[in-house]
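The values are calculated or read from the model by the stated rules, or taken from the named source; none is laboratory data. Predicted model only: the values in this text are computed from it and were never measured. Please note: Cβ atoms are built from the backbone with ideal geometry, for glycine as well, and neighbour counts cover all protein chains shown.
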Amino acid sequence: MKVGIVGLAGAGKTTVFNALTGLAAEVGYGGRDRANVGVIKVPDERVDRLAELFNPKKKTYAEISFVDVAGPEAEQGERSHTGLDPKLVQHMRETDALVHVVRGFESPYTTSGADPERDIRAFEDELMLTDLVQIESRLERLKKEKDSARERETLERLKAAIEAETALRDASLGTDEIQMTAGFRFLSLKPLLLLLNVGEDRVSAPIPAAVAGLAAAKHLEVIQMCGKAEMDIAQLDPDEQREFLADLGIAEPARSRFINAAYSLLDLISFLTAGEDECRAWPIKRGTTAHKAAGKIHSDIERGFIRAEVIRFEDLIEHGSEARCREHGKHKLEGKEYVVRDGDVVHFRFNV
Ligand SMILES: Nc1nc2c(ncn2[C@@H]2O[C@H](COP(=O)(O)OP(=O)(O)OP(=O)(O)O)[C@@H](O)[C@H]2O)c(=O)[nH]1
Ligand SMILES: [Mg+2]
């Protein structure tokens, strides 16, 4: 899963990037000309328990990778009217989801005071505007093409949605509309999480009602953190981290809250594979069939799929081995259409 950390200039994106990844990318205006990329491993006790059982050569957790690119200036007057920087747009297109970092602290770098609602709207507008420009130029080109009625119709509908200030993710697109327009990689269609970045004085304050209300109206989830404090904490070793979090009254580090939010945003679950070579967690979208899940591991396994052998993680731990699970009737054979569940330990049989 690849997540883009986006938002207006100086909102604290790089700070949040550091808090999540534990890296130390340069914050402030100095770091504006390059993209930061980093990866976090999703802690999963089940992988650890399986590893105790199988003693594998390798343990592999699910990963979330991040890209953080400098954002457009917040001030209206300074913002370019030609839309978002193409480099930023390109980075955003390549992501599965966006995290919009919204400034909730007073900053010496911007002349305007913190106004999260204004910034949420402004950035949403930028995403929609970028999509609109793309839709209009495609429509223009389609005028000259025959047999384009269906695509034109779809694009006209999307255009109308944006003109009514509805982000495409909220425009109730049908499956075939999504498929037909997948190549455009529209920005306002990507799942988006709001991250309100607040000052140190607000680490354990509730999310302001106005922000929560706007998020709800836009059907967006919002999490709040103090990026700066979390970034400092992320640089410490684990024991010190626990102490600091307790001192600040933070129950759970930003990273874990973020991982949970990202999984629910993308509606992800994890299935597991276990063996002497590797014990591993694989993130998939809820509702994925065994056939498609096999393809996450390797396209050959999807192509040559015969069946999936499934044991529930709890059963495997309880009975201690695959053989014992068989004896207790806890080992199931499933076909292509089986919907994989969170915590299934799966062994795919295939033939190519
Ligand atoms: N007080 C306070 N300052 C913060 C917080 N988060 C970020 N800052 C400061 O705000 C400034 C900008 O932070 P960055 O993380 O560089 O912002 P950015 O969004 O990456 O900015 P661009 O890359 O220019 O788009 C830095 O001086 C940070 O130290 C915070 O939670 N509290
Ligand atoms: Mg930055």
**Report entry** Matching residues, segment 35-58, being among the basic types (K, R) and within 17 Å of D344 (Cα to Cα)
**Finding:** R46, R49
Report task. May I ask you to say which residue of A281, A293, A251, A262 is closer than 30 Å to D201 by Cα, under 25 Å from the mean Cα position of the chain (by Cα) and buried (at least 18 other Cβ atoms within 10 Å of the Cβ)? Result -> A262
Query - segment 162-212 - residue that is within 30 Å of S107 (Cα to Cα) and touching a Ser or Thr at 6+ places or on another chain (Cβ under 6 Å) and, of those, nearest to ligand 2 (Cβ to nearest atom) - result: L187
Query raised in the report: In this structure, is A205 crowded, with 16+ Cβ neighbours inside 10 Å, among the aliphatic types (A, V, I, L, M) and assigned by TED's automatic domain parsing to the domain that holds I40?
Result: no
Query raised in the report: Just one of the numbered conditions (1) within 13 Å of ligand 1 (Cβ to nearest atom); (2) within 21 Å of the chain's Cα centre (by Cα) is not true of Y61; which one?
Result: (1)
Requested in this report: Give the residues of segment 216-238 that are outside any loop (DSSP other than H, G, I, E, B) and within 30 Å of A171 (Cα to Cα), sorted by residue number.
Outcome: A216, A217, E221, V222, I223, Q224, M225
Query - Within segment 307-352, considering residues that are closer than 20 Å to C279 by Cα and among the β-branched types (V, I, T), the one farthest from the chain's Cα centre (by Cα) - result: I317
Query raised in the report: Within segment 248-352, which helices (runs of 4 or more DSSP H) (wholly inside it) include 3 or more residues that are in contact (Cβ under 8 Å) with a residue 24 or more places away in the chain and farther than 25 Å from E45 by Cβ?
Result: 299-303
Report task. Please find, among P116, P72, the residue that is under 25 Å from the mean Cα position of the chain (by Cα) and modelled with pLDDT under 95. Result -> P72
Query raised in the report: So how many residues does segment 1-23 have that are of a type in the set (K, R) and within 12 Å of ligand 2 (Cβ to nearest atom)?
Result: 1
Query raised in the report: Can you tell me how many residues in segment 185-231 are within 10 Å of ligand 1 (Cβ to nearest atom) and either at positive phi or in contact with a Phe, Trp or Tyr (Cβ under 9 Å, 6 or more places away or on another chain) (or both)?
Result: 12
Query raised in the report: A9: at pLDDT 85 or above, of a type in the set (A, V, I, L, M, F, W, C), surrounded by fewer than 21 Cβ atoms within 10 Å (Cβ to Cβ) and more than 8 Å from ligand 1 (Cβ to nearest atom), yes or no?
Result: no
Report summary line: By residue number, the members of segment 249-271 that are farther than 25 Å from K2 by Cβ and in contact with a helix residue (DSSP H, G or I) (Cβ under 6 Å, 6 or more places away or on another chain) are none
Query raised in the report: If you go through segment 150-200 one residue at a time, how many are out of contact with any strand residue (DSSP E or B) (no Cβ under 6 Å at 6 or more places or on another chain), polar (S, T, N, Q) and surrounded by 13 or more Cβ atoms within 10 Å (Cβ to Cβ)?
Result: 4
Requested in this report: Select from segment 24-54 the residues that are away from ligand 2 (no atom under 13 Å from the Cβ) and free of Cβ contacts under 8 Å to residues at least 24 places away in the same chain and write down the one among them that is farthest from K228 (Cα to Cα).
Outcome: E52
Query raised in the report: Got a number for residues in segment 55-65 being modelled with pLDDT of 95 or more and either touching a helix residue (DSSP H, G or I) at 6+ places or on another chain (Cβ under 8 Å) or crowded, with 16+ Cβ neighbours inside 10 Å (or both)?
Result: 4
Query - segment 131-175 - residue that is closer than 22 Å to A217 by Cα and of a type in the set (S, T, Y) and, of those, modelled with the lowest pLDDT - result: S172
Query raised in the report: In segment 20-43, how many are of a type in the set (A, V, I, L, M, F, W, C), more than 17 Å from E94 (Cα to Cα) and over 16 Å from the mean Cα position of the chain (by Cα)?
Result: 4
Query raised in the report: Within the set of pairs 6+ apart or on separate chains, which have a first residue in segment 203-221 that is closer than 17 Å to A261 by Cβ, a second that is surrounded by fewer than 17 Cβ atoms within 10 Å (Cβ to Cβ) and acidic (D, E), and C-beta atoms under 8 Å apart?
Result: V211/E117; A215/E221; K218/D170; H219/D170
